[in-house]
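The values are calculated or read from the model by the stated rules, or taken from the named source; none is laboratory data. Bear in mind the structure is a predicted one, so any value in this text is a computation, not a measurement. Here the Cβ positions follow ideal geometry from the backbone for every residue, glycine too, while neighbour counts run over all protein chains shown.
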There are 4 protein chains.
Amino acid sequence: MQHARPLPGYLVKRYHGWKATTYSENEGWYRHLAAQGQHPRAMVISCCDSRVHVTSIFGADTGEFFIHRNIANLVPPYEPDGNQHGTSAAVEYAVTALKVAHVIVLGHSGCGGVQGCYEMCEGRAPQLEEKSSFVGRWMDILRPGFERLGPGTDAERRGALEKQAVLVSLANLMSFPFVKDAVEAGTLSLHGLWNDIGAGGLEAYDPATDSFRQV
Amino acid sequence: MQHARPLPGYLVKRYHGWKATTYSENEGWYRHLAAQGQHPRAMVISCCDSRVHVTSIFGADTGEFFIHRNIANLVPPYEPDGNQHGTSAAVEYAVTALKVAHVIVLGHSGCGGVQGCYEMCEGRAPQLEEKSSFVGRWMDILRPGFERLGPGTDAERRGALEKQAVLVSLANLMSFPFVKDAVEAGTLSLHGLWNDIGAGGLEAYDPATDSFRQV
Amino acid sequence: MQHARPLPGYLVKRYHGWKATTYSENEGWYRHLAAQGQHPRAMVISCCDSRVHVTSIFGADTGEFFIHRNIANLVPPYEPDGNQHGTSAAVEYAVTALKVAHVIVLGHSGCGGVQGCYEMCEGRAPQLEEKSSFVGRWMDILRPGFERLGPGTDAERRGALEKQAVLVSLANLMSFPFVKDAVEAGTLSLHGLWNDIGAGGLEAYDPATDSFRQV
Amino acid sequence: MQHARPLPGYLVKRYHGWKATTYSENEGWYRHLAAQGQHPRAMVISCCDSRVHVTSIFGADTGEFFIHRNIANLVPPYEPDGNQHGTSAAVEYAVTALKVAHVIVLGHSGCGGVQGCYEMCEGRAPQLEEKSSFVGRWMDILRPGFERLGPGTDAERRGALEKQAVLVSLANLMSFPFVKDAVEAGTLSLHGLWNDIGAGGLEAYDPATDSFRQV
């Protein structure tokens with residue numbers, strides 16, 4: 001791999017600072033984690049967006065959450081076709097190997113992936129409809145959510161689609177036999193959240209009212 | 001979605017604590033991020049493992065890193081076949097839409113996904129070879145890395161395979177035309193890292209010596 | 001004390017979150033508790049096990065329970081020999097100084113201390129029989145309970161021994177003159193409980209049937 | 001055990017409420033903890049005082065902290081004499097069996113045990129000097145701390161003695177060979193804290209300045 005480059009100096013410096021402080025103060029815990037393996041309590045499926053850090057919002061320490069991050073926090077439907085499904089592999093590993101107790105899907109405001117899906121479904125982003133568009137094909141997972149949107153302004157409908165991304169993922173999770181079995185056995189629970197980045201809000205999906213409500 | 005459950009109470013409490021402190025003290029920055037959108041400097045591709053938090057190691061603030069996390073920090077080869085490729089979508093979005101300056105692939109010690117791949121390639125994990133194994137099919141991406149392993153004990157070869165996971169991903173990244181173009185234009189650089197969880201070590205791939213060295 | 005280290009950062013953050021929310025919202029009560037001293041209604045003797053939090057199970061507020069936690073929720077017999085007896089000191093303080101109305105002994109499933117005692121009494125843990133084993137000598141308190149076990153599988157007998165740990169402690173409590181006096185005067189009552197961690201069960205000892213029954 | 005009584009009704013009601021909510025919402029996690037055992041990150045040694053709940057201050061979930069609570073959060077010196085040492089047993093189990101990464105000693109304001117020790121050492125509490133006083137003999141552990149007190153008012157010296165209770169415990173912890181070995185090997189770190197109940201303060205011992213400072 002001739003193309004790899006040295007790590008930027010400011011990251012090297014930060015790493016050395018972390019090593020001398022956070023690592024040093026928690027060395028025992030890191031060595032414990034290395035020797036004993038991970039036992040996370042929950043899997044979090046969150047967006048790659050740089051503005052959403054679930055470990056910060058929940059004051060999580062190293063070892064607490066098994067975190068999968070992809071564009072728009074999407075889970076595709078169960079499709080054991082022998083192809084590569086990175087998200088499905090992560091869910092399988094968390095539920096069947098780590099036996100996590102919770103899967104939390106965390107959506108957020110201003111999601112670029114959701115916005116792209118909205119434009120594509122509105123017919124205003126032909127480039128995303130091309131077969132070669134990885135973002136477009138990935139966002140196809142959210143099309144059923146777009147179909148369920150009610151009337152409203154573009155901004156309202158985009159916001160509603162962000163929450164649909166959480167609901168579509170929760171529904172698709174239940175299409176995985178090992179998820180369904182664990183949920184029905186009471187050893188796994190699913191949770192849907194949506195984070196308002198600017199206002200610092202956190203809304204949870206409440207099945208009783210079929211709506212998201214500030215926690 | 002009848003299956004969603006309320007958020008565990010201790011997470012609700014922690015969230016309210018975060019809102020009253022970290023969010024409150026940085027409200028201006030959160031509102032800026034919401035209004036101006038994200039402008040991350042780098043994309044990080046890291047493992048879902050709960051023991052590896054790149055934001056901690058690099059003291060990253062909200063908004064700095066666009067982070068994709070999957071099992072074993074793998075990037076598949078470029079394959080624009082119209083199917084869903086979550087990792088490829090994340091790379092495409094980071095490089096073509098966000099125009100990040102760096103893509104950092106971060107591997108780590110004790111990786112369960114890599115261990116599974118090693119056992120599978122050694123013929124000792126038939127269940128991972130089944131078509132329906134999402135983890136197995138995902139880890140197929142790393143088979144070329146296994147083929148390149150030199151002789152050694154199982155532990156040595158597993159450790160070497162963790163670094164091959166970084167190198168395979170870096171090589172596959174270059175198979176994406178938009179990555180290759182950006183690298184050759186000098187607007188994007190690729191970096192390979194490997195984190196020793198217990199020792200707090202961080203090694204970077206050095207193309208000059210074709211080896212990983214502590215930074 | 002040169003060996004003390006700074007508090008891990010995630011705990012500092014969580015503390016600040018607590019201060020800004022739970023403390024802030026209940027400041028009057030905390031100031032009342034500081035000014036007026038504690039007046040707990042009950043003493044709870046529970047295990048150190050991280051999976052058993054009596055304050056959670058009973059929704060206890062700050063100030064309600066005086067809680068002593070040791071390995072396997074054991075109370076040794078009354079032995080005023082001038083040596084250090086931490087558990088006896090806690091019982092003495094609760095009953096004679098705080099004049100609590102209840103002493104609740106709370107056992108639980110999967111108790112590592114009880115398991116060690118079982119293996120030791122079965123002759124399968126010689127290291128616990130050494131004079132220098134603090135855990136072994138502490139678990140000697142439970143030997144009379146082991147002697148009372150009926151026949152059964154190892155798992156059945158271990159479970160029965162967890163309940164014997166509650167009963168031995170209740171019996172030993174009555175060997176303390178100040179406990180016996182208060183019980184006979186009707187100002188103190190003793191209670192035995194056993195928590196099934198996985199099932200969320202709570203069984204109480206019923207002297208009428210000499211058995212534990214789900215409450 | 002003829003003396004056990006039924007659980008008070010309000011506690012039965014609270015338990016049923018917990019079962020229907022907190023347990024139900026976290027059933028998967030409780031089942032995980034029961035099946036996989038505990039893997040706490042830290043041991044906390046705290047006072048029995050009803051006003052100090054470390055799980056609240058640190059937003060801790062079930063499974064995070066292995067908690068030993070005794071009068072005045074004291075650790076006696078290492079004394080492998082074959083007698084029953086409940087605190088030493090708890091430390092031994094946490095460090096050698098659970099391999100926790102941190103031991104945190106948490107003192108607090110208005111500690112009744114420390115106050116008793118102060119009065120006893122000042123010669124104003126003869127009843128605590130009797131051989132039969134469990135509290136007195138337990139508080140003997142803190143006598144070396146009393147000897148180190150500087151001049152001041154009774155209130156000032158009592159407050160200083162509360163912090164000495166933390167320091168004496170930290171020093172005594174280092175007298176245990178398995179603690180010392182783990183600290184020197186970097187797999188365990190010790191931490192001293194003091195909680196101001198009324199003000200919601202939390203001070204940490206800083207060896208560099210040999211003083212407690214608000215975190």
Can you find a residue that is assigned by TED's automatic domain parsing to the domain that holds A:A97, crowded, with 17+ Cβ neighbours inside 10 Å and closer than 24 Å to B:Q115 by Cα anywhere in region A:49-61?
no
Among the residues of region A:116-126, which ones are part of a helix (DSSP H, G or I) and either modelled with pLDDT under 95 or more than 10 Å from chain B (Cβ to nearest Cβ) (or both)?
A:C117, A:Y118, A:E119, A:M120, A:C121, A:P126
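So which of D:V12, D:V44 ends up being within 29 Å of the chain's Cα centre (by Cα), in contact (Cβ under 8 Å) with a residue 40 or more places away in the chain and over 11 Å from C:G198 (Cα atoms)? Full working, then the answer.
Working: D:V12 fails: in contact (Cβ under 8 Å) with a residue 40 or more places away in the chain.
Unique residue meeting the criteria: D:V44.
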For D:I67, the lone unmet condition from (1) closer than 19 Å to D:M174 by Cα; (2) under 19 Å from the mean Cα position of the chain (by Cα); (3) surrounded by fewer than 23 Cβ atoms within 10 Å (Cβ to Cβ) is (3)
Restricting to region C:130-148, name every residue that is crowded, with 17+ Cβ neighbours inside 10 Å and away from every other protein chain (no Cβ under 13 Å).
C:F146
Residues of region A:85-99 satisfying the condition of being buried (at least 18 other Cβ atoms within 10 Å of the Cβ) and assigned to a helix (DSSP H, G or I)
A:G86, A:T87, A:S88, A:A89, A:A90, A:V91, A:E92, A:Y93, A:A94, A:V95
Looking at A:E79, is it more than 17 Å from the chain's Cα centre (by Cα) and closer than 22 Å to B:P76 by Cβ?
yes
Which condition does A:Q127 not pass, out of (1) within 19 Å of the chain's Cα centre (by Cα); (2) surrounded by fewer than 22 Cβ atoms within 10 Å (Cβ to Cβ); (3) closer than 17 Å to A:I71 by Cβ; (4) not basic (K, R), if it passes all the others?
(1)
Only residues that are out of contact with any Pro (no Cβ under 7 Å at 6 or more places or on another chain) and among the polar types (S, T, N, Q): list them for region A:100-137, please.
A:S109, A:Q115, A:Q127, A:S133
Would you point out the residue of region A:199-214, among those that are under 19 Å from the mean Cα position of the chain (by Cα) and facing another protein chain (nearest Cβ under 8 Å), that is farthest from B:G63 (Cα to Cα)?
A:D206
Region C:116-152, residues that are touching a residue at least 24 places away in the same chain (Cβ under 8 Å) and under 14 Å from D:T96 (Cβ atoms)
C:V135, C:W138
Does region B:183-200 include one or more residues that are assigned to a helix (DSSP H, G or I), within 21 Å of B:P77 (Cα to Cα) and either in the same structural domain as B:Y93 (by TED's automatic domain parsing) or of a type in the set (S, T, Y) (or both)?
yes
Just to verify a result, which residue in region D:31-51, among those that are modelled with pLDDT of 95 or more and more than 7 Å from chain C (Cβ to nearest Cβ), is farthest from D:H191 (Cα to Cα)?
D:C47
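What number of residues within region D:18-30 satisfy the criterion of being among the β-branched types (V, I, T) and more than 7 Å from chain C (Cβ to nearest Cβ)? It would help to see each step written out before you state the result.
Keep residues of region D:18-30 that are among the β-branched types (V, I, T), which gives D:21-22.
Checking which are more than 7 Å from chain C (Cβ to nearest Cβ) leaves us with D:21.
Residues flagged as among the β-branched types (V, I, T) and more than 7 Å from chain C (Cβ to nearest Cβ) within region D:18-30 amount to 1.
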Counting only residues in region D:100-110 that are assigned to a loop (DSSP other than H, G, I, E, B) and away from chain A (no Cβ under 14 Å), the one surrounded by the most Cβ atoms within 10 Å (Cβ to Cβ) is identified as D:G110
Checking B:L7 against (1) facing another protein chain (nearest Cβ under 7 Å); (2) over 18 Å from A:V54 (Cβ atoms), which test does it fail?
(2)
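Restricting to region D:149-172, name every residue that is among the aliphatic types (A, V, I, L, M) and either within 14 Å of chain C (Cβ to nearest Cβ) or crowded, with 22+ Cβ neighbours inside 10 Å (or both).
In the first step, residues of region D:149-172 are kept if they are among the aliphatic types (A, V, I, L, M); the result is D:149, D:155, D:160-161, D:165-168, D:170-171.
Selection gives D:A155, D:L161, D:A165, D:V166, D:L167, D:V168, D:L170, D:A171.
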Which of the residues belonging to region B:71-84 are surrounded by fewer than 24 Cβ atoms within 10 Å (Cβ to Cβ) and either without any contact (Cβ under 8 Å) to a residue 60 or more places away in the chain or more than 7 Å from chain A (Cβ to nearest Cβ) (or both)?
B:P77, B:Y78, B:E79, B:P80, B:D81, B:G82, B:N83, B:Q84
Name, by its number, the condition in (1) within 14 Å of chain A (Cβ to nearest Cβ); (2) farther than 30 Å from D:E25 by Cα that does not hold for D:F58.
(2)
When region A:1-49 is examined, which residues are found to be touching a Gly at 6+ places or on another chain (Cβ under 8 Å) and among the aliphatic types (A, V, I, L, M)?
A:M1, A:A4, A:L33, A:A34, A:A35
Close pairs (7 angstrom Cβ cut-off, 6 or more residues apart or separate chains): in the same structural domain as D:G201 (by TED's automatic domain parsing) in region D:154-177, outside any helix (DSSP H, G or I) and among the β-branched types (V, I, T) anywhere
D:V166/D:V105; D:S169/D:I45; D:S169/D:V75; D:S169/D:V105; D:L170/D:V105; D:N172/D:V75; D:L173/D:V75; D:L173/D:V103
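Scan B:D206, B:D181 and give me the residue that is touching a strand residue (DSSP E or B) at 6+ places or on another chain (Cβ under 9 Å), over 30 Å from B:P126 (Cα atoms) and surrounded by fewer than 19 Cβ atoms within 10 Å (Cβ to Cβ).
Working: B:D181 fails: touching a strand residue (DSSP E or B) at 6+ places or on another chain (Cβ under 9 Å).
Sole residue among the options that is touching a strand residue (DSSP E or B) at 6+ places or on another chain (Cβ under 9 Å), over 30 Å from B:P126 (Cα atoms) and surrounded by fewer than 19 Cβ atoms within 10 Å (Cβ to Cβ): B:D206.
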